[in-house]
Structure formats: C-alpha cells, structure tokens
Amino acid sequence: MTHLGLRGERAALSAGLTDARQHVLGVLDGLDDEALRRPTLPSGWSCLGLVRHLALDDERFWFRGVIAGERTVIDAVHLSADNAWRVAADVPAQEVLGTYRREIGHADEIMAGVDLDAAPAWWPAGLFGEWRLHTVREVVFHVLIETACHAGHLDAARELIDGRLWLALT
C-alpha cells in the first residue's frame, strides 16, 4: 500500500470512529438524568451505563492499554473487578459523558502517532482465550465496530424511552 493509501486508511478509520462516537452522544442529547439511568432492557443496562462501558472498556482499554501500553490502565484491568456497565447513583451523568469525551481525546492522540501495522504494546493474556488482535489497525477496527454496534443499541433504547429516532425516515 502506498504512503498516501495509508494516510487515506487512517483518515477513513478516524472518520468512522468520529461518526460512531458522535452518534453515541447525539442519540442521547436531550435526555435527562432519570432517562439516562433508566434500564431499558431486561438485562438492566442503562444508556449511561453503556456510555461508561464505551469510555472504560473500549476507548481507555483498547487505546491507552492495548495500543499504548499505559501501565495505569493495564494495572487497573488486573486489579479491578469494576463493572463498567453500572453507574453509581452519586455519579453525575455529566461526569460519565465527560469521561467518554476525555477518553476519546486520549484515543485520538494515540491513534495519530502510531503505526497501524505495529503490534499492540500490550495484550491481556488469557482475558479473551485464544482470540487476539495482531496490529493496531485490527484494534482500531474492533473499537469502530464495537462503538457502531453500541450506537445502534442506544438508538433502540432511545426509541423505547421517548420515541425519538436518531435517523428518522420520512
């Protein structure tokens, strides 16, 4: 692949991630604290819990931990039994949304300076069994898919909460 092709690929991955992340935040726009915390499916997850999951288990884990090898993130994976999908009642919704936005910023900085063909700096041995991602490109693509999938979950949740459709067909 030519150098221009690699820049185009990086730009396409970045644009896709940006679109999916904006979808996540946009579909929640206008929901009050109660609605953000309301479980919408029998599993009990809330929109706010899903955003916390995206912030911690996707943006932070994959970019800061796996791609960059940031020690504090790696240590937290091994030391914490925290369930990112649950948000304590005393944690303000804006704090969770702010954490997501900050982790996106960190992830974008990391992605801008890393070779897509490079191996991840760290891999959580045993956490995923035999499954493994071998390049930064694969990790970024995985986060893009995960974020887009969860954006779709939030579409459905928002419709169940108040009937609003993110992309209404006319």
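The values are calculated or read from the model by the stated rules, or taken from the named source; none is laboratory data. Fair warning: this is a prediction, and the values are worked out from it, not measured in the lab. All Cβ positions, even for glycine, are placed from backbone atoms using ideal geometry, and neighbour counts span all protein chains on display. Ligands, DNA and RNA are excluded from the accessible area calculation, which covers all protein heavy atoms including side chains. Shrake-Rupley method; radii C 1.70, N 1.55, O 1.52, S 1.80 Å.
Taking into account only those residues within segment 69-115 that are open to solvent by 60 Å² or more (accessible area, probe 1.4 Å) and within 16 Å of W45 (Cα to Cα), which is modelled with the lowest pLDDT?
In this case the residue turns out to be D82.
Taking the conditions exactly as written (surrounded by 12 or more Cβ atoms within 10 Å (Cβ to Cβ), farther than 20 Å from T72 by Cβ and aliphatic (A, V, I, L, M)), does A156 satisfy them or not?
yes
What about V140, is it over 21 Å from D29 (Cβ atoms) and surrounded by 11 or more Cβ atoms within 10 Å (Cβ to Cβ)?
Spelling it out, V140 is indeed over 21 Å from D29 (Cβ atoms) and surrounded by 11 or more Cβ atoms within 10 Å (Cβ to Cβ).
Listed here are the residues, each with its yes/no results for (1) within 18 Å of the chain's Cα centre (by Cα); (2) farther than 16 Å from A15 by Cα; (3) among the aromatic types (F, W, Y).
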residue	(1), (2), (3)
A118	no, yes, no
I145	yes, no, no
D155	yes, yes, no
L160	no, yes, no
R164	no, yes, no
